[in-house]
Amino acid sequence: MNPDTAHLLDIESRSDAFHRRVLDLAAELREDAVPWRQARAGRLLVNLFYEPSTRTRVSFEIAALRLGMRVVNIAAADSSVKKGETLMDTFNTLQAMSPDVVVVRHPDNGALAPLAEAAWPGVHLVNAGDGSRAHPTQALLDALTMRSHFERLDALRVVVAGDLHHSRVTRSGVALMKKLGVGEIRLCAPSGLEAGPRVSEGTRGFDSLDEALDGADVVMMLRIQHERLAGMAVPDGESYHRRWGLTTERLKRAAPGCIVMHPGPMNRGVEIASEVADGPQSVILEQVANGVLTRMAVIHTLLDD
Ligand code: NCD
């Protein structure tokens, strides 16, 4: 198996050429996906999700179906995981049924690394989010969204704001933006929720959303990851919104053509005002549509060996 097409575990471990190839194919699919309808016919994708998901799980499923594949969905809550089976045993059980792609979402950082070591030839793993570590397909779909609105990424000022500390979207997103040469990455987080030093390296840090927004071309809002706070105190929704929420008033500080992104799920009235989420600058549903195209491109590319 070609090591550059075996698995997608995170942005950092893949080549720039891989990312560009996926983004170019996704852009081509957006123009016309019809010729690709049977491109991977007869292949099988298994979704194995240990955490809740709407967009990610469904878009992997639709992506595979649009390539002519078959899909099996497993929610850990309904499986033998409930009877104490380990992730590795579950994965090996699935492998014995010869899937071509296994998409895994898991709450533990690095949960997929041992699975990749144990993967049989012909089984491709895709990370749909592991803990707060990585969410590579989200990073790719976000890059596709930016590329579709702006010709050149090297001139862009991109704000990423919210709970950056617990955000796998931030970790993978920033890693990819750096690889693609985004002009300026501005990170803005409440105290205690800042990104770690590796993510922050080469970015500009802000502790005021107003200042971060000045002249920005893209603003990506993130929710507070309550499930990962482990007892940490955060302000209530209303106080949070007052200081850290993206409102119509605040958005005026950004460049006129600034696009508003959010990976979902949104907490309306907390990190983002409904008026902004549903407003003319919002590309949130475009991100969802790009999610299907990007996942089609990822699956197609991984199955290319
Ligand atoms: C994100 C996730 O699960 O990491 N959502 C997504 O995949 N679209 C972000 C989040 O849960 O806040």
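Computed from the coordinates by the stated procedures, all read-outs in this text should not be read as laboratory data. As the structure is a prediction and not an experimental result, all values here were calculated from the model. Cβ placement follows ideal geometry from the backbone for every residue including glycine, while neighbour counts extend to all protein chains displayed.
The distance between label points at GLU151 and ARG204 comes to 2.4 nm (points 7 Å beyond Cα on the Cα→Cβ vector).
Calculate how many DSSP beta bridges within the chain are antiparallel, expressed in % of all such bridges and rounded to the nearest 5. Don't skip to the end; give the middle numbers.
Values: 1 of 36 bridges.
In the chain, approximately 5 percent of DSSP beta bridges are antiparallel ones.
Please give me the summed charge of the neighbours of PHE91: other residues whose Cβ is under 12 Å from its Cβ, Lys and Arg +1, Asp and Glu -1. Let's see the in-between values first.
Values: positive: none; negative: GLU85, ASP89, GLU117.
Value of the local net charge: -3.
Modelled this way, with points 7 Å down the Cα-to-C-beta line, the labels at SER98 and LYS178 are 4.2 nm from one another.
The residues TYR50, TYR240, when put in order of fewest to most other Cβ atoms within 10 Å, stand as TYR240, TYR50.
Protection proxy ranking for 91-100, 271-280, 177-186, using the average of other Cβ atoms within 10 Å per residue and placing the highest first: 177-186, 271-280, 91-100. For the range 270-287, putting each phi into the Karplus relation 6.51 cos²θ - 1.76 cosθ + 1.60 with θ = phi - 60° gives couplings of 10, 7, 8, 6, 4, 4, 7, 4, 9, x, x, 8, 6, 10, 4, 6, 5, 4 Hz, in residue order, rounded to whole numbers and with x for Gly and Pro. Tell me which trypsin sites (Lys or Arg not before Pro) from the range 1-62 have a DSSP coil assignment and no more than 16 other beta carbons within 10 Å of their own. Passing both the DSSP loop test and the Cβ count: ARG37.
For the range 137-284, relative contact order (Cα pairs under 8 Å, six or more residues apart, normalised by length) works out to 23 percent. Sequence-ordered 3J(HN,Hα) estimates for the range 127-143 from the Karplus curve with 6.51, -1.76 and 1.60 and θ = phi - 60° stand at 7, 9, x, 10, x, 9, 8, 8, 8, x, 5, 5, 4, 5, 5, 5, 5 Hz, glycine and proline given as x. Measuring from a point 7 Å past the Cα of GLU238 along Cα-to-C-beta, which residues in the range 269-299 have an amide N at less than 15 Å? It comes to 269-270, nothing else. Among LEU176, LEU25, LEU44, the order by Cβ neighbours within 10 angstrom, fewest to most, reads LEU44, LEU25, LEU176. Sequence-ordered 3J(HN,Hα) estimates for the range 42-50 from the Karplus curve with 6.51, -1.76 and 1.60 and θ = phi - 60° stand at x, 7, 10, 10, 10, 9, 10, 10, 9 Hz, glycine and proline given as x. Residues whose amide H falls under 5 Å from that of LEU8, counting only those 5 or more places apart or on a different chain, are LEU125, VAL126, ASN127, with hydrogens built in the peptide plane.
Could you work out [θ]222 nm for the chain from helices alone, using -39500 (n - 2.57) per DSSP H run of at least four and dividing by all its residues? Round to the nearest 500 deg cm²/dmol.
-11000 deg cm²/dmol
The distance separating the Cα centre of the range 103-177 from that of the range 217-283 comes to 20 Å.
Below 8 Å between Cα atoms, with a sequence gap of 6+, how large is the relative contact order for the range 37-191 in percent?
Values: 250 pairs, mean separation 29.0, N = 155.
That works out to 19 percent.
Its relative contact order, with pairs defined as Cα atoms under 8 Å and 6+ residues apart, puts the chain at 21 percent.
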